[in-house]
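Read through the structure below, which is laid out as structure tokens, and then see the notes.
The values are calculated or read from the model by the stated rules, or taken from the named source; none is laboratory data. Predicted model, so just to flag it, every value in this text is computed and none were measured. Note: ideal-geometry Cβ built from the backbone for every residue, glycine included; neighbour counts use all protein chains shown. The protein model used for the area step is the full one, side chains on, heavy atoms only, and it has no ligands, DNA or RNA in it. Shrake-Rupley method; radii C 1.70, N 1.55, O 1.52, S 1.80 Å.
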Amino acid sequence: MRKAVLIDRDGVLVEDVGYHHKIEDFKLIPNVIEGLKLLKDYLLIIVTNQSGIGRGYYTLKDFENFNNHLLKELKKHGIKIEKTYVCPHKPEDSCKCRKPSPKLIKDAAKEFEIDLSKSYMIGEMKRDIEMGHNAGCKSILVLTGKGMKEKENSKADYVAKDLVDAAKWITK
């Protein structure tokens, strides 16, 4: 069994400008490259809610174009994201894949033979932390994105300043 770090995208890897899907809005959060490089011994997987698709703000193709741009940027620095799992539904759709449901993580665990007890979920929202715990992972709240607002309500195993801080805690 393998170990993985499952990572929320918006607010953790890229600046969250609200329902962004245009490449011209793409901006990595500071220290993301350094943080991901520290996690070289883990499978890296993105898990993301994208309700803008379900709301009709942008298409799945728009999401894929933006996400592929992110993956190419990371690859330039030698960072491989194994796969991106996405929930395209609105909260009111009551789907089975929307965070804090562990479905996307469990799908990744099955596909990549991941030992969830040795894996981590990194996010900036309470629902990311809950998703990780619901799947049996340790969960880390980063204070980037909306993380500062979520800090008080979080039951994270660790609260990190940014992705570098989270990566150092994981690899300690």
Helix-only mean residue ellipticity at 222 nm for the chain, each DSSP H run of n ≥ 4 adding -39500 (n - 2.57), per residue, nearest 500: -9500 deg cm²/dmol
Rg/Rh for the chain, where both radii come from Cα atoms and Rh is the Kirkwood radius: 0.93
Ordering of 122-128, 70-76, 139-145 by burial proxy (mean other Cβ atoms within 10 Å per residue, highest first): 122-128, 139-145, 70-76
Rounded Å value of the spacing that divides the Cα centres of segment 1-38 and segment 77-102: 13 Å
Entries in K27/K146; K110/K161; K90/K146 that, when Cα-Cα distance is taken, lie over 25 Å: K110/K161
Computed E for E15/D115 - FRET, C-beta separation, R0 25 angstrom, nearest 0.05: 0.20
Of all accessible heavy-atom area on segment 48-96, the percent that carbon and sulfur account for (1.4 Å): 48 percent
Where labels lie 7 Å past Cα in the beta-carbon direction, separation of D93 and D41 in nm: 3.8 nm
Greater than 32 Å apart at Cα, pairs in K61/K168; K76/K96; K76/K155; K96/K172; K75/K172: K61/K168; K76/K96; K76/K155; K96/K172
Segment K80-L60, length gained on full extension (0.36 nm per residue, minus Cα span): 5.0 nm
Whole-number percent relative contact order across segment 66-172, with pairs defined as alpha carbons under 8 Å at least 6 apart: 17 percent
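Over the chain, average the accessible area per residue using a 1.4 Å probe and give it in Å², no decimals.
On the way: 8600 Å² over 172 residues.
Per residue, the chain has an accessible area of 50 Å².
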